[in-house]
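What follows is a short report on a single structure.
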Amino acid sequence: MSDSNEDKTLALELLKIKVDIWKQVINTQQHFNDLAMKIRNFAILILSAFIGAIGISFKSGFSLSLFGLSSSISTFLSFGAAIIWLLFFFVDVYWYHPLLVGSVKKGMHIESNIGEELKDFIDLTHTVGRESPKEIKISFFGWEFKKYKLHSKDKAKAFYLGVFLILIISSVLLLFIDKPDGKSNIDYHTEIQSLTLKCKRTVNYDGVNCELSPYK
């Protein structure tokens, strides 16, 4: 009888340990998910600053010469925004997202081996995994042309690459539309005329009168 009670106690303690490990894995998933959202929010903030700078430089008509080529500041800013946006894409999708996927797989493994007592209650990772993929259908007049199943990584790629494509298109347009003003390349020369300075003492010898006149 005592052996049976000990076995139940050990099984209960083991179950508690599994639940604690599962909780920690869920916290890890939330941590990496929060990091991904913070990266995207910061990327949007930086992009907004670039868009404001592009608008100001486009209105002002500032230009910059680089490697012998002269172009508007707005074009350089647009290309710069595209490059920085691409860096955020790599950090999010290829740096932190694999860590999130690893924690999700570990959570699914724990839930599959949690035990018969809790398998119907502790299944958050499986539930989120089932609900995450979304199916997108491309149809034309009722005829289904293509069907895609987007997972979380695919959604992130669509988000980043869509904005990146818009930035590249705007950069090319600015390259041809916002050309530097030709007047900025004109050399201005200031002609300095020779001057003469004539000074005479006053009649009372209490000062000097000076006259500045062009040299003849």
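Counting just the Cα atoms, what span does the range 1-154 cover along each of its three principal axes? Round to the nearest Å and put the largest first.
Answer, in whole Å and largest first: 91, 42, 23 Å.
Under a 5 Å amide H to amide H cut-off, with H placed in plane at 1.01 Å, what residues pair with residue 62 once short-range neighbours are removed?
Under 5 Å from the amide H of residue 62: 73.
How large is Rg over Rh for the range 101-178, taking Rg from the Cα atoms and Rh as the Kirkwood inverse mean of 1/r across Cα pairs? Intermediate results must be reported in sequence, preceding the final value.
Numbers: Rg = 20.5 Å, Rh = 16.3 Å.
Using only Cα positions, Rg/Rh for the range 101-178 is 1.25.
So which of 105/153; 18/119; 105/149; 23/153; 18/38 end up more than 22 Å apart by C-alpha? Walk me through the intermediate numbers first.
Numbers: 105/153 15 Å; 18/119 12 Å; 105/149 19 Å; 23/153 24 Å; 18/38 30 Å.
Flagged as over cut-off: 23/153; 18/38.
Label point 7 Å out from residue 23 along Cα-to-Cβ: which residues of the range 109-139 have amide N under 18 Å?
110-111, 114-115, 118-119, 121-125
Quick note: the coordinates plus some simple rules give every number you see, no bench work behind them. On a predicted model such as this, the values are computed, not experimentally measured, just so you know. Here Cβ is always computed from backbone atoms with ideal geometry, including for glycine, and neighbour counts include all displayed protein chains.
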